[in-house]
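Take a look at the structure set out below.
Readers should treat all values here as calculations from the given coordinates under stated rules, not as data from a laboratory. Worth saying up front: this structure is predicted, and the values here are computed from it rather than measured. Cβ: placed from backbone, ideal geometry, glycine included. Neighbour counts: every protein chain shown.
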Amino acid sequence: MSLDGRPLVVVANRLPVSKSGDAWRPSAGGLVTALRPVVEQVDGHWVGWDGGDPNVPKRVDGFAADLHPVAMTAEEVDDHYYGFSNRTLWPLFHDLLAEPVFDREWWRTYERMNIRFADAAAAVEVDDPVYWVHDYHLLLAPALLRDRKPDATIGFFLHIPFPPPELMGRLPWNDELLDGLLGADAIGFHTEWYRENFVRSVRRSRRDVTVSGDMVHLPDGRSVRTAAHPISIDVDEFSALAVADETEQELAELREQFANRKVMLGVDRLDYTKGIRHRLQAIERLLTDRPELRTSFAFIQIAVPSRDDVEEYRDLREQVEYMVGHIHGRFTEPGHDVPVHYLYRSVPKTRLAAYYRLADVMAITPLKDGMNLVAKEFVTVQDAARDRPDQDAGVLLLSEFTGAALEFVDDAVMCNPFDVQSLAARMAQSLTFDADDRRSRIARMAASVREGDVFAWVNEELESVTMAERARAEVGP
Ligand code: ADQ
């Protein structure tokens, strides 16, 4: 373990806990699972927004970190989270799939909230910790923390893409955000593309830096290490889920419901980056061109409600629901089930695993996605259940604009979701692979996920931060 027993202070937008009824529990998110073993081994701390509840406990059973809540008023959440983070940075970092809003009031709140998080992190009473800051809500926090703790070891990881400098440069606060990130000792991205975009942005906006290899050297003598570390999943957890009794029961019900139909599955947060509208357009074309599929094929879209306080997300939901209704109206055959099943909800993990096992084709077609963990979950579950009776391997249909594309390019059916006609053709092609081919493709993709699971990602990230720090110590002040 690269921390060598040093304390770890995670700084993220949200605390890793949620309340159900009266009880507090660790949240189900991937980052919480990933960090559970680490925080059990060291003195772990987590700084994050309290979610509007002033009574968050200091500790929660099942997650061995001290919690350090940051409070925000409803107005601050509107401006920092819904506003600047999700209506300015999110669309800009996802290649302008929506128009980013530039609002100076939001920016001022974003700055103030980053200061509040940095103050809370600096106030954690620990000796010589490693700080690990996460994601686009906190791009200014590394430099703010550096102001407060000049000798601290600070890492940052970005969970979404980093845009090319031509797009980043449109942001009125481009320079401030780059300087904010450069306060870290090490900055991690999912892919080499995003890392390069960041370095190109830095070169373009800061004439006083030099770049050698993956290091950015600053005029004050500090150096910042940049790295590509693709995030992953807990493979053992999903392998066990794949064959759990509850999953088998759920699967038996689903198989009955979808008997005699080929199933294509989509699982996403309802977000305009995920390409759900283009996917539905391609389904419409597929059902137009191949009438026999109207009664022998089903497309299931599971969409988790997301950011429904934001106008673009409410509009997206309306459009998706209109399109589903339109497809039903056009293609449902009397005496037969509808060809598209749309579930607007979060589903428990065993049900999710059952859907992954049911799918003949998993359609992951984002217009842009930092990584996409659903792809890794699908191949892992499919492979873990390979010896179960009736488990026929499925096909991964994957957008070239996901971080996951780099890992699965040889074994997934790759697609460009912007080209609806070719997307429909890829969907049709995905239904044609023979069983042995499908099985070996899934096995190779699952092996690659196993090789780099989420615990390996944590180790690589923390190793990168501590390496950067060691290099600093060798050079001296
Ligand atoms: P997300 O955009 O949320 O994450 P993704 O990586 O696919 O995208 O993770 C979604 C998670 O939610 C998966 O673990 C999935 O199982 C779960 N999920 C999706 N639909 C669900 C449903 N209906 N019910 C229950 N669970 C559901 C951001 C970035 C990604 C990056 C991750 C991690 O946008 O690109 O991969 O962070 O860094």
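Ordered by the count of other Cβ atoms within 10 Å of each Cβ, fewest first, 107, 46 give 107, 46.
Summing charges over all other residues whose Cβ lies under 14 Å from the Cβ of residue 280, with Lys and Arg as +1 and Asp and Glu as -1, gives +2.
Using the Cβ-Cβ distance between residue 443 and residue 148 with R0 = 60 Å, the FRET efficiency computed as 1/(1 + (r/R0)^6) comes to roughly 0.75. In percent, rounded to a whole number, the relative contact order of region 152-201 is 59, using alpha-carbon pairs under 8 Å and six or more apart. All other residues whose Cβ lies under 12 angstrom from that of residue 72 are scored, Lys and Arg at +1 and Asp and Glu at -1, for a net of -3. Once divided by 2.2 N^0.38 Å, the Cα radius of gyration of the chain becomes 1.00.
Taking neighbour counts of Cβ atoms within 10 Å as a proxy for exposure, in what order, fewest first, do 81, 110 appear? Mind dumping the intermediate values first?
Details: 81 22, 110 27.
Ordered by Cβ neighbours within 10 Å, fewest first: 81, 110.
Restricting region 30-115 to trypsin sites (Lys or Arg not before Pro) that sit in a DSSP loop and have at most 15 other Cβ atoms within 10 Å of their own Cβ leaves 58, 59.
By DSSP, the beta bridges lying fully in the chain are antiparallel in about 20 percent of cases. On the principal axes of its alpha-carbon atoms, region 332-477 has extents of 77, 37, 32 Å, going from largest to smallest.
Of all beta bridges that DSSP places with both ends in region 165-233, some 60 percent have antiparallel geometry.
Semi-axes of the equivalent ellipsoid for region 235-451, computed as √(5λ) from the eigenvalues of its C-alpha gyration tensor and ordered from largest down, come to 24, 20, 18 Å. With the biggest extent put first, the Cα atoms of region 376-437 measure 37, 24, 15 Å across the principal axes.
Here region 278-390 is treated as a Stokes sphere of Kirkwood radius computed over C-alpha pairs; at 25 °C and 0.890 mPa s its diffusion coefficient rounds to 155 µm²/s. Across region 235-451, the relative contact order, built from alpha-carbon pairs under 8 Å that are at least six residues apart, equals 26 percent. Rounded to the nearest 10 degrees, the inclination of helix 276-289 to the longest alpha-carbon principal axis of the chain is 20 degrees. Name all residues of region 6-34 having a backbone nitrogen under 15 Å from the label point set 7 Å from the Cα of residue 61 along its Cα→Cβ direction, giving them as ranges. Within reach of a label on residue 61: 18-27.
Among 49, 193, sorting on how many other beta-carbon atoms sit within 10 Å of each Cβ, with the fewest leading, yields 193, 49. Our coupling estimate for region 208-215, obtained by passing each phi through the Karplus curve with A = 6.51, B = -1.76, C = 1.60 and θ = phi - 60°, is 9, 10, 10, 10, 9, x, 9, 9 Hz, Gly and Pro reported as x. Distance between the 7 Å Cα→Cβ label points at residue 474 and residue 96: 4.3 nm. Electrostatic tally near residue 43: other residues with Cβ closer than 11 Å to its Cβ, Lys and Arg +1, Asp and Glu -1, net -4. Which entries in 19/149; 58/376; 58/274; 58/149; 19/349; 149/368 show an alpha-carbon gap greater than 30 Å? The answer is 19/149; 58/376; 58/274; 149/368. Its Cα centre serving as origin, region 264-370 has a Cβ charge dipole (Lys and Arg +1, Asp and Glu -1) of approximately 320 debye. Here's how it looks for residue 301: its modeled amide H is under 5 Å from those of 266, 341, 342, 343, which are all 5 or more places away or on a different chain. Considering only alpha-carbon pairs that sit under 8 angstrom and 6 or more positions apart, the relative contact order computed for the chain is 14 percent. For residue 347 and residue 196, the difference between the fully extended length at 0.36 nm per residue and the C-alpha to C-alpha distance is 50.7 nm.
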